[in-house]
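Working notes for the structure below.
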Amino acid sequence: MLREITSMLILFSMSSFGDAVCGESYTLRSPDNNISANVWLTSAGSPVYSVSYLGSTILKESKLGIARSDEDFSSGMTLDSASAVSQVSEKYTLLHGKRLACSYTGSKRIFFLKSAHSESMEIIFQVSNDGVAFRYYFPGKTDTTATIYSDATSFHFARSTKAFLQPCADARMGWSYASPSYEEYHKMDIPVGTPSPNQAGWVMPALFHSGNNWICITETAVDTNYCGSRLSQFSPDGEYSIQFPEPQECRDGEPVLPESTLPWYTPWRVIAIANNLGGLVESTLETDLANPAKYDVSSWPRPGIASWSWIILKDDSTVYDVQKRYIDFASEMHWRYCLIDALWDTQIGYEKIGRLAGYANTKNVKILLWYNSAGDWNTTPQTPRNKMLTHDSRCAEFQKLKNMGIGGIKVDFFGGDGQSMMKYYIDILKDAAKYDLAVNFHGCTFPRGWYRTYPNLVSMEAVRGEEYVTFGPYFADNQPSHCAMLPFTRNLFDPMDFTPVNFSGIPNINRRTTDGFEIALSVIFTSGIEHIAETPSGMRAQPDFVREYMSTLPETWDDVKFIDGYPGKFVALARRKGNVWYIAGINGENIERTITLNLPFAGSIKDAKIITDSNDAKHFVERSLSLSAPVELTIRPYGGFVIRTGTGL
């Protein structure tokens, strides 16, 4: 049994703290003994913890605890007991993600605490080989509702630690008061303790670099009885606290802060840890701890690739003839979906959408339809609007879509991370599943492992995606480094609807990324449905080998391996589908970069082909490549490549 009890200085007498000795530290280790979490009570009866990895301190003394409307569980606590260490293990399968067949093994310990008024709270710790996670549990059974006013949890880094953090936009600001929607650029390599420029704080996942170690802070298993959380705007001495949403982040008159009867589990706080970036990129810790699937969705359409007109052609393209061409485009490319975006209800109409759905069915294509989620939380005008607001209106709409043979919905413009908004997302997912509809959220929060729990969730935006490049040169200039940041943060654990891959250019915009960079994004980024940012004519203008590659792009991946990279600068990784490996890399800087491909995980590979930029970066080139020995590749400034292995390529 993995158990170590280390005696520390006894600060108060045993009689002051029941059966527990104040200052006694309980250590829980990972199965490989590399990670350890220590838990104890301070002299004020405040629960705290620390984390170390391979002998190095990852988190110094950090806070634990909850302040509830009826009791304070952050100080004046006593420790009744700590459970023996037990082992937990699980195997599960995802419908899409970085890896389909996943497994988790960890060491578990529960700490049973009492408040000053003898109210119970448990802190559940689990430590696996790739990180530490903990959550709070309030046992018992009540009919009355309690509110959590604040979460004392903190993450206390050494001052030498560097951070890669995305500011959260303040609520109900910007265009049509539609923020926050997780669409800011990251601050890269900043000292811990740097304040967020916005009161809303920093979003998760949050990346940190401490010595030789990399750490990602995130959360998972957020349910209808909790809000989404962030890291605090201020972090004195490198100590980040949990921060709840702003008061505006809710449906009208509904809760922002967590409210529930008992019993009550809070979400998992997740600290993924590795001594190299590959350990994070290859981890599935967030979905490992997410709640298992709530329902079977075996009858709904599979993950896939989609054509999409709006990103280049905007609102004027949402008309019958253009969408028919994009259905043909999807069919030509052997893609599963075609997304019809905003204003389809007024510019096409339900009757003609039904005709398009019937036509798409003859082409083995499924239509996805856009909806505006909005109630009173913003002023976005796009329609159809408000049809998602209630269970009855959703189900009436979903029945129409099922009758037409629609494959799924894209729901846009949410109002933040308050508990009522979290419930709104989940209610949509549950209702859509009853009608075999895939769901993609935009203008939204990040998924927090939901795609395991609600497997008809194919993607969520929560990113400054490819569409921003169409809005102006500032966004085009930032695109290369931004894309090189996302595999280590936003897209680290969850699907991300970035809508990548544009070859033929964007009207009136000088795109900085090369075609090689763009094609590499088809592998670098993951999403249950990948919407491709190219037009039919633009794709037909590409070389045959590019069209063939894009028409056979896998819809899901079986595994991932990290090769090399640094956040915001470059990344190279490999994804496996069956026996074929796809290796891709992008250069986020305006300099040439040479990397070495050493692929022991792929066995003896003799046959491969690479698609990359020509020497002048003005067109694609394809050539054969042997990967049976390490290979050096030079990536053009803002360039990229993709390699596909396999006999007969």
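Nothing in this text is a laboratory measurement; each read-out follows from the coordinates by a stated rule. These numbers come from a predicted model, not from an experiment. Cβ sites come from the backbone with ideal geometry, for glycine too, and all protein chains shown count toward neighbours.
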Just want the ordering: Phe441, Phe125, from fewest to most Cβ atoms lying within 10 Å of their own Cβ. Phe125, Phe441
Protection proxy ranking of 532-541, 497-506 - average other beta-carbon atoms within 10 Å, highest first: 497-506, 532-541
Net charge near Pro197: determine it from the other residues with C-beta under 13 Å of the C-beta of Pro197, scoring Lys and Arg +1 and Asp and Glu -1. -1
Under the rule of at least 5 residues apart or a separate chain, name every residue whose amide H is placed under 5 Å from the amide H of Trp264. Phe138
For the chain, what does the relative contact order come out to in percent, with C-alpha contacts under 8 Å and a separation of six or more? 11
Ratio for segment 112-165, C-alpha Rg to 2.2 N^0.38 Å, reads 1.58
Take the alpha carbon gyration tensor of segment 398-499, find the square roots of its eigenvalues, order them as a ≥ b ≥ c, and report rounded if a/c is under 1.5; if not, report prolate when a/b exceeds b/c, else oblate. prolate
Ranked from highest to lowest mean number of other Cβ atoms within 10 Å per residue, what is the order of the peptides 425-436, 333-344, 591-602, 375-386? 333-344, 425-436, 375-386, 591-602
Rounded to whole Hz, the Karplus (6.51, -1.76, 1.60) HN-Hα couplings of segment 596-607, x for glycine and proline: 10, 8, 10, 10, x, 5, 9, x, 8, 9, 10, 10
From fewest to most C-beta neighbours within 10 Å, the residues Leu54, Leu492 line up as Leu54, Leu492
For segment 110-122, Karplus couplings with θ = phi - 60° (6.51, -1.76, 1.60), whole Hz, Gly/Pro x: 10, 10, 9, 10, 10, 7, 4, 10, 6, 7, 8, 9, 10
Relative to the longest principal axis of the chain, what angle (0 to 90°, nearest 10) does the C-alpha long axis of helix 419-434 take? 50
About its Cα centre, segment 370-492 carries a charge dipole, from +1 on Lys and Arg Cβ atoms and -1 on Asp and Glu Cβ atoms, whose size in debye to the nearest 20 is 360
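For the residues Arg99, Arg109, what sequence is obtained by ranking on other C-beta atoms within 10 Å, fewest first?
Fewest-to-most ranking of Arg99, Arg109: Arg99, Arg109.
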Share of Cα-Cα pairs in the chain beyond 43 Å, whole percent, is 22
How compact is segment 4-289 by the rule of thumb for globular proteins, expressed as Cα Rg over 2.2 N^0.38 Å? 1.00
Cα gyration tensor, segment 304-555 - rounded (a/c under 1.5), prolate or oblate: oblate
For Lys114, which lysines qualify as cross-link partners when the Cα separation must be under 22 Å and same-chain residues fewer than eight apart are set aside? Lys63, Lys141
Roughly how far apart, in whole Å, are the Cα centres of segment 37-89 and segment 431-468? 34
For Asp427 and Ser103, what is the calculated FRET efficiency with R₀ set at 30 Å and r taken between the beta-carbons, to the nearest 0.05? 0.45
What dipole magnitude, in Debye to the nearest 20, does the chain give about its Cα centre under +1 on Lys/Arg Cβ and -1 on Asp/Glu Cβ? 1280
